[in-house]
1. Name the residues in region 307-355 that are over 18 Å from I267 (Cα atoms), hydrophobic (A, V, I, L, M, F, W, C) and assigned to a loop (DSSP other than H, G, I, E, B), would you?
2. List the pairs whose first member sits in region 59-75 and is not assigned by TED's automatic domain parsing to the domain that holds T122 and in a helix (DSSP H, G or I), whose second member is at pLDDT below 80 and of a type in the set (S, T, N, Q), and whose Cβ atoms are under 8 Å apart, counting only residues at least 6 apart or on separate chains?
3. Give me the residue from region 83-129 that is at positive phi and either of a type in the set (G, A, S) or part of a strand (DSSP E or B) (or both) and, out of that set, modelled with the highest pLDDT.
4. Would region 130-143 turn up any residue that is of a type in the set (D, E), outside any strand (DSSP E or B) and either in the same structural domain as K400 (by TED's automatic domain parsing) or exposed (fewer than 13 other Cβ atoms within 10 Å of the Cβ) (or both)?
5. Evaluate region 158-173: report whether one residue or more is within 24 Å of N188 (Cβ to Cβ), β-branched (V, I, T) and in contact (Cβ under 8 Å) with a residue 12 or more places away in the chain.
6. Go through region 122-145 and give me each residue that's over 15 Å from R197 (Cβ atoms), touching a residue at least 24 places away in the same chain (Cβ under 8 Å) and not polar (S, T, N, Q).
7. Which residues, counting only those in region 224-253, are surrounded by fewer than 21 Cβ atoms within 10 Å (Cβ to Cβ) and at pLDDT 95 or above?
8. Kindly establish whether H234 is touching a helix residue (DSSP H, G or I) at 6+ places or on another chain (Cβ under 7 Å) and in the same structural domain as L298 (by TED's automatic domain parsing).
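The values are calculated or read from the model by the stated rules, or taken from the named source; none is laboratory data. What you are looking at is a predicted structure, and each value in this text was computed from that prediction instead of being measured. When we count neighbours, we look across all protein chains shown, and the Cβ atoms used for this are built from the backbone with ideal geometry, even at glycine.
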Amino acid sequence: MKRIAVVGLIITTLLMGIGVNGVVQAEDHGKQDHLIDKLIKKGVLTEEEAAEIRQQDKGFELPKGLKGVKVGALWYLDYSSGQAPESGDDSSSYNKFTITRGYLTVQKELFPWFHTRITVDTHQDDTGDYKNRLKYIYAELRPPDAGPFTDMKSEIGMGHIPWLDFEEHVNPYRCQGTMAIERAGVFNSADVGVSLRGYFGGELEDAEEKTGSHYYPGRYGSWHVGVYNGSGYHASEENNNKALEGRFTLRPLPDVIPGLQLSYFSIYAEGNSDVNAAEDWPDYVVNMGYLSYENPWLILTGQYFTTEGNAKGTWVDPATGDVLETAGYSFFGNLKLPVLDRKLSLFGRYDHFDQDDDGKIGDDADYDMYIGGLVYDIYHGNLLMFCYETTDYGDDAGEKTKGPRPGNSLGDDYKIQAVLQIKF
């Protein structure tokens, strides 16, 4: 009896080391059974003794409500020093530490075909106060494959819109700042609605080894379509319109150039603010083409997009109420350097955006943004980044996310930035 207790204690201690926070996970019981079987074969335990140990171990099972639960977190500690642009060719200096984002995610598998997720987003408001809001909260259904449409998932609730989650898994440096189209102020990354996504033709074999990424590994590409309110996750819906959104990504040569993908993204909707009290809500239409290449050493992307208005419905000519047409393009590159076990990367990015492509308000309403820096991958996505960012504005351009302002003449816009990304 004493030997049983000792062996049981050893097995339990080993398995607690495998578990999370000292609690044995449900999947660890398979490892326990394998270990006990080995001890039986070696004559250390009898069948009766093994049965007694298994019976004793039942007390270490997770509570039913916690089985299938996964918890993750992501946050950015940012230090930035530089100049913020102001009208009249002026600027103001800043030098500050900031928690730019903090995400806490809880996911649970209820059934193999029914999962759930909730993500809390901590951010700093205009008064400097840190506040929590919901970023994602949805039920995820997983229907069976239908011919070439495989690995499907449907989000019902406040979920991902089809574009930014995809781009942010190609360009891994969201901690530096938002992607080009969100930085311009067109839309944000989540909304309330219903969507369905999946792959074309199953998964690419050994995707991470071939492309350097295990995200969106569809053999011939991936897709995501949905119907949403259109207002985004931190604004209430002001109209009855629904936004139709879709992304279609093709991997044309999976066996020759597996990292090459071509994407098209579109939104058709109406803006969320009737700023001129007109009879019709302003148009909100987005079209984007995106070319990306990924391998374990190198990432290269290029995109071009046009819009009529934005999600907020604020990009209109105040004199006529006509919606403003915009255009932008962006290029990004990341190279893992052959030092420090390829944990050090050199990256650069260039954004161009014209807030009034037709010149309805101003003929010089564009900006050019340049970013470059070094990133050290401490461990599995825990990053330390050092970079420099600067932006040149046309005379009629407003600040980023804003509309054009004739004769605005913004001053200097640059910063030196250090970011620590924590992820688990």
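1. Within region 307-355, A319, L337, V339 meet the criteria.
2. The qualifying pairs are F60/T12.
3. First, pick out the residues of region 83-129 that are at positive phi: 88-89, 128.
Narrowing further to those that are either of a type in the set (G, A, S) or part of a strand (DSSP E or B) (or both): 88, 128.
Values: G88: 96, G128: 87.
Top of the filtered list is G88.
4. Checked region 130-143: no residue is of a type in the set (D, E), outside any strand (DSSP E or B) and either in the same structural domain as K400 (by TED's automatic domain parsing) or exposed (fewer than 13 other Cβ atoms within 10 Å of the Cβ) (or both).
5. yes
6. Across region 122-145, the qualifying residues are Y130, R133, L134, K135.
7. V225, V227, K242, L244, G246, F248, L250, P252, L253
8. no
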